[in-house]
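J.: Structure below; questions to follow.
Just so it is clear, none of the values below were taken in a lab; they were calculated from the coordinates. Remember, it's a predicted structure, so these values are computed and weren't measured experimentally. Virtual Cβ from ideal backbone geometry, glycine too; neighbours counted across all protein chains shown.
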Ligand SMILES: [Zn+2]
């Protein structure tokens, strides 16, 4: 049976200048969650604080979120929230800031949660929104955490990354203003943009894909093919930034409902085992999996549809060409330089990828041997 679609929280703001929506937010105290000082230097934080003031909302900043946030950081932020008692949590940043803020929100609402295992399956995410509403202001066009039900949190003791998903964690308000993404350096624009492309493609061939998710996925693929190279070349052009941010948003609306595939299963695994940044991992793996999935006739038909939509002949070649334009390497050998260690881990990695939550919606359910071969190929 089909699963219900949820198209993000209550309020979805996008387009140039929509950051001003903060001026009419309802609330009294906001905790702004960030990753370091970048958005302070660009003046975006100052704008956020000023707009909140106009709405009579006081705010404080927690800016200690690291890339690949740990549960220790989530816990620290939640303690700060328990003290300040915000009725608004505002994540300002990329996937790490948004994921950490969403997890802090869960711990803040439910003080009995004290360990990562308290929110990992089979445990459920409890009801939220008794204390605060969640606002996300993304600074990258990639993870779509602003409309997704998922967070990725690292266990600082084992270094394992856990993807946790629950519709309860879809933020209430997403404010997607291209100006916030304008300072993103080209390399991050490329990697996060290809993460968004992977979301769209994997959602489109997902075993749970449906009429509505298809509309978003196809449009996102088209926009990303057209505008990602442009945003990469001309990073301050807000028109290109807006196209990419909107494409990332709709790709997020699609995948958060119909899930992903084994590009993500493998990328999560390489993130855990070799700390490969998520977007870069997706970007390297993507064309190999399009090739692999093409053995499934339904998926092959869907890639054909994308070829027609894009006016191209071969989807795999088009993805490879796009990667080349964006200076993404074709394999991991230059990224994970310890080849011996990589090969020694193939078996473990195959098991991890097979057990990843994204595997079950891939067009083909791979065997362990398939995954070992694929991990060899992408190296
Ligand atoms: Zn992703």
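J.: Any chance you could give the angle, 0 to 90 degrees and rounded to 10, that helix 262-274 forms with the longest Cα principal axis of the chain?
T.: 70 degrees
J.: If you don't mind, there's one more thing I want to ask. May I ask you to compute the full-extension gain from residue 327 to residue 64, defined as 0.36 nm times their residue separation minus their alpha-carbon distance, rounded to one decimal in nm?
T.: Between residue 327 and residue 64, full extension yields an extra 91.6 nm.
J.: Then there is this: Give me the one-decimal nm value for the distance between modelled label points at residue 114 and residue 212, 7 Å along each residue's Cα-to-Cβ direction.
T.: So the two model labels end up 4.1 nm from each other.
J.: Cα axis of helix 186-204 to longest principal axis of the chain: angle in degrees, 0 to 90, nearest 10?
T.: Taking Cα atoms only, the helix is inclined about 70 degrees.
J.: Order by neighbour count: 274, 62, fewest other Cβ atoms within 10 Å first, most last.
T.: The fewest-first ordering by Cβ neighbours comes to 274, 62.
J.: Neighbour counts of other C-beta atoms within 10 Å: give me 158, 361 arranged from fewest to most.
T.: 158, 361
J.: How would you order 306-312, 103-109 from highest to lowest mean count of nearby Cβ atoms within 10 Å?
T.: Top of the packing list down: 103-109, 306-312.
J.: Shape call for the chain from the C-alpha gyration tensor, a ≥ b ≥ c root eigenvalues: rounded (a/c under 1.5), prolate (a/b greater than b/c) or oblate?
T.: Since a/c reaches 1.5 and a/b is larger than b/c, the shape of the chain is classed as prolate.
J.: Also, quick follow-up: Report the paramagnetic label zone for residue 87: residues of the stretch 36-75 whose backbone N is under 17 Å from a point 7 Å from Cα along the Cα-to-Cβ axis.
T.: Flagged as within label range: 52-60.
J.: What order, most packed first, do the peptides 134-146, 7-19 have when packing is the mean number of other Cβ atoms within 10 Å of each residue?
T.: 134-146, 7-19
J.: What is the stretch 259-328 by shape, rounded, prolate or oblate, if you read a ≥ b ≥ c off the alpha carbon gyration tensor as root eigenvalues and call it rounded for a/c under 1.5, prolate for a/b larger than b/c, and oblate otherwise?
T.: oblate
J.: Fewest first, what order do 1, 169 take by the number of other Cβ atoms within 10 Å?
T.: Ordered from fewest to most neighbouring Cβ atoms within 10 Å, 1, 169 come out as 1, 169.
J.: Oh, and also: Could you tell me which of rounded, prolate or oblate describes the stretch 68-137, using a ≥ b ≥ c as the square roots of the eigenvalues of the alpha-carbon gyration tensor, with rounded for a/c under 1.5 and, failing that, prolate when a/b is larger than b/c and oblate otherwise?
T.: Verdict is rounded for the stretch 68-137.
J.: Can you give me the angle between helix 211-233 and the longest principal axis of the chain, using Cα atoms only, in degrees from 0 to 90, rounded to the nearest 10?
T.: The answer is roughly 90 degrees.
J.: Given a cut-off of under 8 Å on Cα pairs at least six residues apart, what relative contact order in percent is computed for the stretch 56-175?
T.: RCO, the stretch 56-175: 29 percent.
J.: State, to one decimal in nm, how far the label point of residue 222 lies from the label point of residue 129, with both points 7 Å from Cα in the Cβ direction.
T.: 3.3 nm
J.: Taking the Cα centre of each part, how many Å lie between the stretch 172-197 and the stretch 1-58?
T.: 15 Å
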